[in-house]
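What follows is a short report on a single structure.
Bear in mind these aren't lab numbers, they're just calculated from the coordinates by the rules spelled out. Worth saying up front: this structure is predicted, and the values here are computed from it rather than measured. All Cβ positions, glycine included, derive from the backbone under ideal geometry; neighbour counts span all protein chains shown.
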Amino acid sequence: MQENTRVGKVSHLLEKLSESATLAMARMGRELAAEGKPVVNLSIGEPDFNTPDFIKEAAIAAIHANVTHYPPVNGFLELRQAISKKFKRDNDLTYSPEQVVVSTGAKQSLANVILALVNPGDEVIMPSPYWVSYAELVKMAGGTVVELHAGIESNFKITAEGLSNAINDKTKLIIYSSPCNPTGSVYSKEELEALSKVILQHEGVYVISDEIYELINFVGKTYSIGACEGMLDRTITVNGVSKAFAMTGWRLGYIGAPIWIAQACNKMQGQITSGANTIAQMAAKAALEADPSVVNEMIAVFKTRRDRVFEGLSKIPGLKINLPEAAFYFYIDVTAFFNTTDGETVVKNSEDMAMYLLRKVYVATVAGDAFGDSNCIRISYATSEENLDQAVSRMAQALSELKPL
Ligand code: PMP
Ligand code: GLU
């Protein structure tokens with residue numbers, strides 16, 4: 001009998017995809033912890049705070065009011081109105097409620113936009129390091145990732161000149177986050193204006209500006225490229241409540257976009273999720289209608305931790321770090337330790353380094369490769385000072401044992 005090659009076989013699409021590196025390291029950390037190992041998990045980027053009470057109350061009220069039926073696919077009008085006002089209030093962006101689409105997390109917002117816009121053969125420029133899921137989503141759409149690298153010496157930020165050299169007739173999208181995961185860098189208004197001038201010279205090039213870390217910044221205010229002159233029709237602004245309001249598990253994100261892109265995303269998610277969870281939508285409405293200063297205390301805690309970790313890491317010989325201006329990550333250049341060994345394990349690259357730190361001293365980090373920059377490892381400092389002190393001293397010890405091959 002002829003062998004049926006389809007038995008037990010996943011799709012070619014799935015074969016091309018990598019497991020999310022952030023989620024994979026978090027899983028490995030959890031597995032070791034379950035074996036009783038004293039793991040300090042700095043892998044996943046997730047606030048360790050609880051969702052504020054006023055947001056939880058809004059969700060409970062929604063349950064009691066039976067807001068439990070299918071929502072409109074693009075989100076409740078009252079939430080889209082609140083988002084439209086938030087964009088105006090905080091970002092100087094004019095998106096009408098019809099230009100807003102609410103989704104199951106910013107991750108789905110990104111997936112909607114990328115799948116709705118990118119054709120096989122289209123090029124998508126990504127300043128690297130970039131957030132892990134961008135590249136995989138572009139692959140899913142059949143697009144080609146064009147990495148535009150910016151290293152620690154330029155504070156991980158690309159320039160207008162670099163962008164100009166990377167754009168060509170095949171470019172469909174540019175995707176970046178500011179504040180940036182994994183580097184914590186923030187583009188200034190002037191830097192965004194310079195980039196937007198380059199983009200506006202090329203018809204048919206759109207930008208996804210991922211602003212999910214907007215409120216977790218230590219510079220006071222961040223800027224949106226969509227607010228630069230001429231850019232509103234070219235920009236999809238992605239945001240969500242996961243990070244700023246410690247709501248990762250509620251799974252609620254949103255976009256503001258040109259109307260035709262909002263309609264395309266609406267069509268896409270109508271076939272995939274039928275819209276975001278209704279209770280989470282009402283909770284998000286409460287979060288976004290509140291004064292953003294409600295999260296100030298949380299941000300102050302992140303800043304204290306950032307300063308503490310910066311001080312600790314700065315004392316470890318060989319590590320190169322920048323001072324992140326936002327988010328809750330350090331993207332640490334570990335190249336000084338490539339081609340070293342502790343006598344047992346050989347560290348050749350950032351993947352080896354992440355595994356060495358996990359196995360030797362039970363500190364879970366994420367290797368830089370999945371962020372498009374293999375010189376670094378990422379740590380998240382969204383955990384207690386006690387855990388952070390532990391992690392830094394264990395890293396110092398493990399690194400001191402590495403000697404050149
Ligand atoms: N963009 C960036 C840069 C992120 O770090 C995350 C965190 N997971 C997301 C998007 C997705 O967030 P959400 O939890 O809303 O899906
Ligand atoms: N954004 C977080 C991170 O980068 C969460 C993990 C994920 O959604 O992939 O770690």
Item to check | P(r) weight above 22 Å for segment 222-312, C-alpha pairs, percent | outcome: 47
Next on the checklist: Taking every DSSP beta bridge with both residues inside the chain, roughly what % is antiparallel (nearest 5)?
Outcome noted: 50
Next on the checklist: Less than 13 Å Cβ to Cβ from Gly220, Lys/Arg counted +1 and Asp/Glu -1: what total charge do the surrounding residues give?
Outcome noted: 0
Checklist entry - So how do Met395, Met268 line up by other beta-carbon neighbours within 10 Å, fewest first? => result Met268, Met395
Checklist entry - Put +1 on the Cβ of each Lys and Arg and -1 on the Cβ of each Asp and Glu in the chain; which of Ala300, Ser11, Ala398 then has its Cα farthest toward the positive end of the dipole? => result Ser11
Next on the checklist: Could you compute the net charge surrounding Gln99? Neighbours are other residues with a C-beta less than 14 Å from the C-beta of Gln99; K and R count +1, D and E count -1.
Outcome noted: +3
Item to check | Signed unit charges on C-beta, dipole axis of segment 1-106, positive-most listed residue Thr94, Gly45, Met25 | outcome: Thr94
Checklist entry - To the nearest 500 deg cm²/dmol, what mean residue ellipticity at 222 nm is calculated for the chain from DSSP H runs of n ≥ 4 alone, each contributing -39,500 (n - 2.57), summed and divided by the residues? => result -12000 deg cm²/dmol
Next on the checklist: Please give the charge dipole size of the chain, origin at the Cα centre, charges +1 on K and R Cβ atoms and -1 on D and E Cβ atoms. Round to the nearest 20 debye.
Outcome noted: 580
Checklist outcome for this item: Listed with the fewest Cβ neighbours within 10 Å leading, Ser185, Ser293, Ser393, Ser20 appear as Ser293, Ser393, Ser20, Ser185
Checklist outcome for this item: Residue separation between Leu13 and Ser384 times 0.36 nm, minus their alpha-carbon distance, gives in nm 129.6 nm
Checklist entry - Which value, to two decimals, describes the C-alpha radius of gyration of segment 253-298 once divided by 2.2 N^0.38 Å? => result 1.48
Checklist entry - Arranged from highest to lowest average of other beta-carbon atoms within 10 Å per residue, in what order do the peptides 376-384, 307-315, 62-70, 40-48 appear? => result 376-384, 40-48, 307-315, 62-70
Checklist entry - Amide H of Tyr176: which non-local residues (sequence gap of 5 or more, or other chain) have their own amide H closer than 5 Å, using H built in the peptide plane? => result Ile208, Asp210
Next on the checklist: Quick check: the distance between the Cα centres of segment 269-332 and segment 90-148, to the nearest angstrom?
Outcome noted: 20
Next on the checklist: Give me the one-decimal nm value for the distance between modelled label points at Arg89 and Lys303, 7 Å along each residue's Cα-to-Cβ direction.
Outcome noted: 2.1
Checklist entry - Nearest 20 debye, what's the magnitude of the dipole of segment 251-308 about its Cα centre given +1 on Lys and Arg Cβ and -1 on Asp and Glu Cβ? => result 260
Item to check | Using θ = phi - 60° and Karplus 6.51 cos²θ - 1.76 cosθ + 1.60, couplings along segment 12-19 (whole Hz; Gly, Pro as x) | outcome: 4, 4, 5, 4, 6, 7, 9, 5
Next on the checklist: Just to confirm my numbers, what's the Cα centroid distance between segment 203-266 and segment 151-195 in Å?
Outcome noted: 15
Item to check | Counting all C-alpha pairs of the chain, share separated by more than 30 Å (%) | outcome: 42
Item to check | Compactness relative to 2.2 N^0.38 Å, alpha carbon Rg of segment 34-99 | outcome: 1.68
Checklist entry - On average, how much area does the Cα convex hull of segment 356-405 cover when viewed from any direction, in nm²? => result 4.0
Item to check | FRET efficiency for Ser164 and Glu289, using Cβ-Cβ distance with R0 set to 60 Å, rounded to 0.05 | outcome: 0.90
Item to check | Integer Hz, Karplus 6.51/-1.76/1.60 couplings in order for segment 371-385, x for Gly and Pro | outcome: 9, x, 8, 8, 8, 10, 10, 9, 10, 9, 9, 7, 8, 5, 4
Checklist entry - Which residues' amide hydrogens lie under 5 Å from the amide hydrogen of Thr144, considering only partners 5 or more residues apart or on another chain, with H built in the peptide plane? => result Gly121, Asp122, Glu123, Val124
Checklist outcome for this item: For segment 64-219, the Cα gyration tensor yields equivalent-ellipsoid semi-axes (√(5λ), largest first, whole Å) of 28, 19, 15
Item to check | Among Ala276, Leu288, Ile316 - extreme Cα towards positive end, dipole of segment 262-349, charges at beta-carbon | outcome: Ala276
Checklist entry - To the nearest Å, what is the center-to-center distance of segment 334-383 and segment 1-62, using C-alpha atoms only? => result 20
Checklist outcome for this item: Place a point 7 Å from the Cα of Lys221 in the direction of its beta carbon; the residues of segment 272-307 whose amide N falls under 15 Å from it are 292-293
Checklist outcome for this item: To the nearest 20 debye, segment 256-405 has a Cα-centred charge dipole, built from +1 on Lys and Arg Cβ and -1 on Asp and Glu Cβ, of 180
Item to check | Descending principal axes extents, segment 1-147, alpha-carbon based, whole Å | outcome: 59, 48, 41
Checklist entry - How long are the three semi-axes of the equivalent ellipsoid for segment 249-363, computed from the Cα gyration tensor as the root of 5 times each eigenvalue, in whole Å, largest first? => result 41, 22, 14
Checklist outcome for this item: Quick calc, Lys403 & Ile63: beta-carbon distance into FRET formula, R0 51 Å, rounding 0.05, result 0.30
